[in-house]
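Trainee: The structure follows.
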Amino acid sequence: MNRFAKPLLASAALCAATLLPARAEIDVARLKAAIEASVESDYPKLDALYKDIHAHPEIAFQEEKTAARLAAEMRALGFEVTEHVGNTGLVAIYKNGDGPTIMVRTELDALPMEEKTGLAYASHDKTVWQGRETFVAHSCGHDIHMASWVGTARTLVGLKDQWHGTLMFIAQPAEEVGAGAMAMLREGLFTRFPKPNFGFALHANGAFAYGTVLYTVGAGSSNSDSLYIKFRGRGGHGAAPQATIDSVMMAARFVVDVQSVISREKDPTEFGVVSIGAIHGGTAENIIPDEVVLAGTIRSFKPEVRAKMLAGIERTAKAVAAMSNAPEPLVTITEGTKAVINDPGVVATAEKVLKAAFGDKLRPIPPVTPSEDYSEFINAGVPSMFFRIGVYEPERVAAAREGEGPQLPGNHSPLFAPVPKPTIETGVEAMTLAVLSTFDQHARGK
Ligand SMILES: [Zn+2]
Ligand SMILES: [Zn+2]
């Protein structure tokens, strides 16, 4: 008798047949039906959890209540939970025999903004952040991720006769400020706990219909770096420029010339952007200021493109100063979040099963340009798949795309309002199948 011949399982909704045969492909249709039935019966609890978290969001590194709420859910499922890993982060481990360790990550944090959806469960909460009072809202969908994360844990525990290994469910603080993943790693995420063999994360996306699952092979989000430049000239009278070194002129020249790094030096088929978002200098119309400060953002997907852009930006700044016979400018480039690069092997394994389950509702998409600190876990050596799920009614998404209906509010909009049930259900199904596909692949010795 092989280990899969034992009858299933804890959840009443799951049928008592063998769903994952040891040496054949997964019977995805039956497995999906079993997961759907399980999620359907579980949904009222997930709905209550989602709406409670949505109504009471907490901002980066303040996620005490949110984390405690998730810790209680995971303990009730039999996970061993450690809180306060990386400030407010938590780690939940479930051991189920020999096999790989698979990590599933959710974020905990909300955004410093006012929700304007008018939903019954909308947030009206405020907090103090960076010394100022602000509204708080889950306008990026991290509450969808948390409900999907708990739902996935519950479904996988219900299916525990179908897989062997260790689940490592982590809830990460402060994704929006790009600091939470690093905080968890610094506090021993992969040394105090088993280092996962594989990892998964999902993100709700306002551009797509619920029921759809979107993914990229390779880079899925951008490298993000911050740029600060101080041009140092010599101040003086606006009517006597010959006695000055004009720092406003340098700033203006730089803003224009730096775009030639993008258009002339970088391979035009590769993504790369530099945008100057702030220029500060001067006080009055007849005074040439002695310095001007610029701030901008640099985005790229590939490390080699990033390196080329950084070098070109610095060279342009220095050249602009040299043209004016000014001292060298101060150029500071602060390394930000790295691109999320999906592992081709993990994607290939999950893709096959997700394709069978979701058909043409599973789609590859080009990388998106916002950044995401899940990349820290990948760069720490966890081959992963990061995918996206849609959130709105398919008809409304289609109408918006064809220009026949209003544009739908995207992530970070005060009106962002995913349709909870189909969105969370898709999140649970896709994540459960992705994790099971990886356990199964390992069990079959591939
Ligand atoms: Zn966000
Ligand atoms: Zn987000």
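Trainee: Is there a residue in the range 136-146 that is at pLDDT 95 or above, more than 20 Å from SER38 (Cβ to Cβ) and surrounded by fewer than 24 Cβ atoms within 10 Å (Cβ to Cβ)?
Mentor: yes
Trainee: Provide a single number: the residues in the range 308-344 that are surrounded by 13 or more Cβ atoms within 10 Å (Cβ to Cβ) and assigned to a loop (DSSP other than H, G, I, E, B).
Mentor: 11
Trainee: Additional query: What number of residues within the range 121-133 are modelled with pLDDT under 95 and either within 16 Å of ligand 1 (Cβ to nearest atom) or polar (S, T, N, Q) (or both)?
Mentor: Residues that pass the stated criteria total 2.
Trainee: Pick out, from the range 30-149, the strands (runs of 3 or more DSSP E) lying fully within it that include 2 or more residues that are touching a His at 6+ places or on another chain (Cβ under 9 Å).
Mentor: Numbers: elements: 80-83, 90-96, 101-107, 126-129, 132-135.
Per the criteria, 90-96, 101-107.
Trainee: Here's a follow-up. Show the residue pairs that are 6+ apart or on different chains and have beta-carbon atoms under 6 Å apart, the first residue being within the range 192-208 and closer than 18 Å to VAL382 by Cα, the second being within 16 Å of ligand 1 (Cβ to nearest atom) and aliphatic (A, V, I, L, M).
Mentor: Pairs that qualify, where the first residue is closer than 18 Å to VAL382 by Cα and the partner is within 16 Å of ligand 1 (Cβ to nearest atom) and aliphatic (A, V, I, L, M), are LEU202/ILE389.
Trainee: Just give me the residues in the range 183-213 being more than 16 Å from ligand 1 (Cβ to nearest atom) and within 20 Å of ASN411 (Cβ to Cβ), in sequence order.
Mentor: Step one: list which residues in the range 183-213 are more than 16 Å from ligand 1 (Cβ to nearest atom), which gives 183-200, 209-213.
Result: PHE200, ALA209, TYR210, GLY211, THR212, VAL213.
Trainee: Related question: Would you pick out the residues in the range 124-169 that are away from ligand 2 (no atom under 16 Å from the Cβ) and polar (S, T, N, Q)?
Mentor: Residues of the range 124-169 away from ligand 2 (no atom under 16 Å from the Cβ): 124-135, 150-169.
Listed by number, the residues that qualify are THR127, GLN130, THR134, THR152, THR155, GLN162, THR166.
Trainee: Quick check on TRP149: is it surrounded by 20 or more Cβ atoms within 10 Å (Cβ to Cβ), more than 13 Å from the chain's Cα centre (by Cα) and within 20 Å of VAL340 (Cα to Cα)?
Mentor: Numbers: surrounded by 20 or more Cβ atoms within 10 Å (Cβ to Cβ): yes; more than 13 Å from the chain's Cα centre (by Cα): yes; within 20 Å of VAL340 (Cα to Cα): yes.
It is true that TRP149 is surrounded by 20 or more Cβ atoms within 10 Å (Cβ to Cβ), more than 13 Å from the chain's Cα centre (by Cα) and within 20 Å of VAL340 (Cα to Cα).
Trainee: Moving to a separate point now. I need the full set of residues from the range 28-72 which are farther than 24 Å from THR88 by Cα and crowded, with 18+ Cβ neighbours inside 10 Å, in order please. I'd like the intermediate steps shown before the answer.
Mentor: Restricting attention to the range 28-72, the residues satisfying the condition of being farther than 24 Å from THR88 by Cα are 28-44.
The answer is VAL28, LEU31, LYS32, ALA34, ILE35, SER38, VAL39, ASP42, TYR43.
The values are calculated or read from the model by the stated rules, or taken from the named source; none is laboratory data. No experiment lies behind these values; they were computed from the predicted model shown. When we count neighbours, we look across all protein chains shown, and the Cβ atoms used for this are built from the backbone with ideal geometry, even at glycine.
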